[in-house]
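The values are calculated or read from the model by the stated rules, or taken from the named source; none is laboratory data. Here the structure is a predicted model, which is why all the values come from computation and not from measurement. All Cβ positions, even for glycine, are placed from backbone atoms using ideal geometry, and neighbour counts span all protein chains on display. Just so you know, the surface numbers come from the protein's heavy atoms only, side chains and all, with ligands and any DNA or RNA stripped out. Shrake-Rupley method; radii C 1.70, N 1.55, O 1.52, S 1.80 Å.
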Amino acid sequence: MDTTNSNANLPDSWDSIEDPGPGEDSSISTQFKKLNVNATPFVPNVFAPAFVPASAKPPQTQVSEEATSTLESVRDEKHENDTQMNTENTDINTATQEQTTHAQETTDEPMEEEEEEVPLETKAKPKKKPEVLPEEEEDTREHVNIIFIGHVDAGKSTIGGHVMYLTGQVDKRTLEKYEREAKEKNRETWYLSWALDTNQEERDKGKTVEVGRAAFDTAKKHFTLLDAPGHKSFVPNMISGAAQADLGVLVISARKGEFETGFERGGQTREHAMLAKTAGVKHLVVLVNKMDDQTVEWSEERYEEIKVKLTPFLKKVGFNPKTDIMYMPCSGLTGANIKESLDPKVCPWYSGKPFLTYIDELPSLGRSVDGPVRIPVADKYREMGTIILGKVESGRINKGQSLILMPNKVNVEILTVIYDDEEMNNAKAGDNVKLRLKGVEEEDVSPGFVLCSPDSLCHTVRTFDAQVVILEHKSIICAGYKAVLHIHNVVEEVSFVALIGLIDKKTGKKVPERPRFIKQDQVAIARLQTSGVICIEKFADFQQMGRFTLRDEGKTIGIGKVLKLVGQ
């Protein structure tokens, strides 16, 4: 090529050449008309073999059957696309529309394809729903929280462990392992309780310290089992467990001397029954345990003696003997009358239902599922985020729902709902759940805080008027007296600001004179003030957050209910 001639044709400056106006250069316009805007788009062949020089090429190359089949399918699809586009080109060329409109149509076609691809992704999501449906079907079974209470060494954990074994929650091999370990420590009769007492300290001493948690199923109900400690030093733990319970099981030891020790003043049989009623337990099953003991041997006289002594006290606490109390003889160690009925040869005088059958056939509990969300926090810890434990007292919660944590008014989001160590999508009133929260740190949460619906917050006050029943107190109580308040999961110091009046037990009316002091067995209306702000409600509005217990010097001195909230 001659470079001198080509350079000679170039102008000295491009500015000297006039710019032809639009449409003046007919050659350019004709060239644009000749462009095939409807040409098939270029589709690269991703399955094409890599280029290999002839010198480096192996003597024989084998292509896999999968690659050849996919390559043939791609070629077939390309051939179909080519034929389809050719037919479209003939139709478009015969039309009398302008070429620019054709260009817009071709540019719009990929957009339509993209818009059609979006619903395909959304349609693939409902495929996950069948995996959630079985969990929701299981939730149709009624959930009941049952707590085992009673004096220390009455056999609460042993009965609970045997219930777990009989309902299939603990296998036989695990129990045999516990039995071998218990024999090594000369504690052969403790092995059943180890199904609930998982702490090494509890196993060594044979005493439950914290409220044990487990779950078991019957034909009609799903139970969450709460095993309360019986020792007087751990009564605060028992109160927090009773606040989450619906059904109470009072375990009595029929062994000579043990029932008398637990029922006398200072025994935990009295205190536990009273605290359970105050915490909201409406129905009580009294299991007379250790009936197979050598000092009892399924004696009907011993069984009736316990009933005669215990019934008046339970009636005084507030249980109706005809509708709220059910007595049953049993043996926690052998499992007699827990799942199977008693053998007439062993116990001919009792023909009632066994324990598991009776609690399965109890009438359903009325719950406020449609009310505002109320979840008092029972405990908290850190594990992949902030996790709180509590019972859904009212309402319904879902995964991803936004709630407000009172009294600090912190907005939180539910990341995970865990029920019986299984992740769920929702939970309703009556469920004991673990919630993983977003938006709050573990150190900023305390037991007694309440998760509420954003549109219906609970009340937070320090001062309130309450009706108080003094159960056991040696001296008189005046204004300025201080005690420890237990209301749902709140444990707070409280002081009597003023004594407003007394209530006559016989008539139930208020005595006109204002008292200077109150004493044991009196019912009074007093103004109480806590050291910090707490979440409470009036008893008439929401019973679960409106009843409380007063304790002093390790003893329960009184119970009460909130009548009026006094603003700041």
Could you tell me the extents of segment 227-366's C-alpha atoms along the three principal axes, largest first, rounded to whole Å? 41, 36, 26
Descending Cα extents along the principal axes, segment 211-251, whole Å: 37, 17, 14
Ratio of the Cα radius of gyration of segment 344-437 to 2.2 N^0.38 Å, where N counts its residues: 1.50
Where q = 0.10 Å⁻¹, what log10 of I(q)/I(0) comes from the Debye formula for segment 288-377, counting one point per Cα? -0.38
Normalise the Debye intensity by I(0) for segment 430-568, one equal point scatterer per Cα, no solvent, then take log10 at q = 0.16, 0.17, 0.22 Å⁻¹ and round to two decimals. -0.85, -0.94, -1.44
Carbon + sulfur, % of accessible area of segment 490-568 - ligands and nucleic acids excluded, 1.4 Å: 48 percent
For segment 455-555, what does the relative contact order come out to in percent, with C-alpha contacts under 8 Å and a separation of six or more? 37 percent
The distance between the Cα centres of segment 249-302 and segment 442-486, in whole Å, is 30 Å
Kindly write out, for segment 239-253 in residue order, the coupling ³J(HN,Hα) from the Karplus curve 6.51 cos²θ - 1.76 cosθ + 1.60 (θ = phi - 60°), rounded to whole Hz, with x marking Gly and Pro. 5, 5, x, 5, 5, 9, 9, 10, 10, x, 10, 8, 8, 10, 8
Cα-based Kirkwood hydrodynamic radius, segment 245-296, one decimal, Å: 11.7 Å
Cut-off under 5 Å, modelled amide H: who pairs with residue 142 long-range: 222
Near the amide H of residue 327, under 5 Å away, which other amide H atoms are found, from residues 5 or more places off or on another chain, if H is placed in the peptide plane? 286
Karplus 3J(HN,Hα) series, Hz, for segment 475-487 with 6.51 cos²θ - 1.76 cosθ + 1.60 (x for Gly, Pro): 9, 7, 10, 10, 4, x, 5, 10, 8, 9, 9, 10, 9
Compute the Kirkwood hydrodynamic radius of segment 360-515, taking the inverse of the mean of 1/r over all pairs of distinct Cα atoms, and give it in Å to one decimal. 18.1 Å
Order by protection proxy (mean Cβ within 10 Å, highest first), peptides 372-383, 399-410: 372-383, 399-410
Explain nothing, just compute: Karplus ³J(HN,Hα) = 6.51 cos²θ - 1.76 cosθ + 1.60, θ = phi - 60°, for every residue of segment 538-549 in order, whole Hz, x for Gly and Pro. 5, 4, 5, 8, 8, 5, 4, 10, x, 10, 8, 10
Length gained, residue 313-residue 514, 0.36 nm per residue minus C-alpha separation, equals 69.3 nm
